[in-house]
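Below is one structure, written out as C-alpha cells; the observations come after it.
The values are calculated or read from the model by the stated rules, or taken from the named source; none is laboratory data. Not measured: the values here are computed from a predicted model. Reconstructed Cβ throughout: ideal geometry from the backbone, glycine too, with neighbour counts over all protein chains shown. Heavy atoms of the whole protein, side chains included, go into the accessibility calculation; ligands, DNA and RNA do not. Shrake-Rupley method; radii C 1.70, N 1.55, O 1.52, S 1.80 Å.
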Amino acid sequence: MPSCCDVEMTSSLSLPDGDNTAEFCILTFADLELKDHGPSPPEGHLKAELDARARKKYACAKKKAFALFVKAKEVVADTCCPMSACQRAISWRCCQETFKDLTGIHRHVSALHSGDVGQQTSVILKQMARSVSVTSSPVSSADETSRPSRPLYRSQEMFQKLPDTSHIDINEMTSDSEPGHVLLYYCYCEVADPQGLCDWQKALCQHLHLTGKVRIASEGINGTVGGSKMAASLYVEAMLSHPLFKGILTREDFKTSAGGAHCFTDLRVGVFEEIVPMGINPQKVSYKETGIRLTPKEFHLEVEKYLSQGNKGQADTILLDCRNFYESKIGHFQGSLAPDIRKFSYFPTYVDENLDLFRGKRILMYCTGGIRCERGSAYLRSKGVCKGVYHLKGGIHKYLEEFPEGFYRGKLFVFDERYSISSNGDVISACRYCGMLWDQYRLCSTQPCRQLVLACPQCQLKGFTACCPLCQKKGLALASAPSGLSFKEECECTGTRRQVPVERI
C-alpha cells in the first residue's frame, strides 16, 4: 500500500485560458519523503522547509477554489456598438447583487463566502487524493517532480463539445421576457471521473446561461437548473448525447416546470459523496438495491386501492412520504404518513427508530422527483422487515403530469426561489399566526435563521414575519442593537421538534 510520500496529486479543476489566478499546478507529497536518500539538512531547517511547502500548496488550492467561485458568478452579455466590433460585457451576480468589476466581487466573496471557498478547497484536495498517481521511484524535491503530459483527471469521455449556439440570438438564450423552464433530473450510474464531469457541467451551464444546483458523485448526478426554453432544451440534448448517460438517461427522466434562470440565485456545481444527502456511504447502501418502481398510473391504482379499503388496507400497507416536514406540510398524498423530520439525512434513523411500524407491511414510498426514494427504499429493504417496498418512479412531479387532480392534494415544494408549484387549487396548510388557509412560504425575517414560515399577507402587515415568537423577539432585538450582534439559528421551531420522531403503532 503506498504511503503519502509516494503519492502525486494533480489539481482537478481548470479555468479557461487567460485566468492567471488559477494556473494549473501540481501538488505532490513526494518532497515529504523522509527516507534516507542522501545527506539530511538539520532537523529545524527541514521542518521549516516542509511547513513552507505545505503552506504554499494549500494556498495554491485555495487560490484556485476562490477563482472558480468567482468564475461561477460570471454573467456575460453581448453588446454591440457602432464604433467597434461586438464585445462581451462581463459582470458578476451573487446574493442578488450585481458587481461590475473584479474588485467588487472579490471583496464580496472574501467577506461573505469564505466558508464556501474553504469547502471548495477541501473538495479540490479530496479529488486530488482520488486521482493519485503512484510513482515507483523516489523524488527528492518538488522541483524535480516531472509534470504529467496531461491532467490526470481528464478522461476522454468527460470532455464533450459544448452545444453550438452561434446561430441562436443571445436574447433567446437569456431573455426573461417570457417564461423559461426549470429542469429536475437525476441519474444513478457509475462515474469514474466525478471531477471531470463536474468541470463539464460547469462549462455547459455557463455556456447556456443556466443557474441552479448540480450534485455529482461516483454514484451519478442529481441536478435542477433553470433558464430560457432554448437553453433548457439544449441542456437536455447535451446530457442525452453524453457517452456516460447514453442508454441510461432518457428524455422522460427530465421533469419540466415553468420558471427560468431567475428561480435560482446562482449556479452551484460540486462533487460530493452522495448525489442526495442521506448520510450513508453509497457502498454500504447502494441505489442498486432499490425497491420496486411503480409508474404514475400503477402508483395511482395502488393508492386508490389503499384508500378504498379504509382501516383494513391501512393495516397492511403504509403510504410513506419520505420528504421533510415542511414539504409535506403544504402538499401530500391523502392518507399518507409524513415523518416530522427536517432533513433527509434523518430518514435512516427514523426507519431504525420505527422498525416495528414497518414490520410485515407493504410500503408505498414517494418523494418530489424520485431520487430520495431510490436510496431510501434501498435502506428500508436492507432492514429485512417489510413485506415489500415500492416507490413512485419520477416522484410527485411525474405523477402530477398525469394526474393533476389525483390523490395528491396541495402544492409541491421545490428547492428554489419559487418554493412551490401547483397543479390543483387545494390549500391544505395554514398561516402560522392566525390560522387562515395559506401555503406560500417565505424565509424567516430574523437573521441568521433559515427556517421557512407560513405568514399570510395580513399577518405580515402586522409585522409577523418570523418563523416563531422567539425569532420575532430576536428580530426586534437585532433591529435596536449595535451592529455586530448576532444570534444562533436556534428557536422554538428547532428546539421543540424531536430530530427523529417515534410513531405510535
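Some points to look at:
- Around TRP438: net Lys/Arg minus Asp/Glu count, Cβ-Cβ under 12 Å: +3
- Whole-Å distance, taken between Cα centres, linking the stretch 220-270 and the stretch 392-450: 22
- Take the Cα of SER241, go 7 Å toward its beta carbon, and the backbone nitrogen atoms of the stretch 173-193 under 18 Å from that spot belong to 173.
- Å² per residue, accessible surface of the stretch 239-305 at 1.4 Å: 51
- Probe 1.4 Å, protein heavy atoms only - accessible area per residue of the stretch 348-487 in square angstrom: 43
- Of LYS246/LYS411; LYS64/LYS398; LYS288/LYS387, pairs whose Cα-Cα distance is over 28 Å: LYS246/LYS411; LYS64/LYS398
- The apolar share of the surface of the stretch 309-461, taken as the fraction of accessible area on carbon and sulfur atoms (1.4 Å probe, ligands and nucleic acids excluded), comes to 49 percent.
- Cα-Cα over 32 Å, subset of LYS229/LYS462; LYS305/LYS383; LYS229/LYS284; LYS62/LYS161: LYS229/LYS462; LYS229/LYS284
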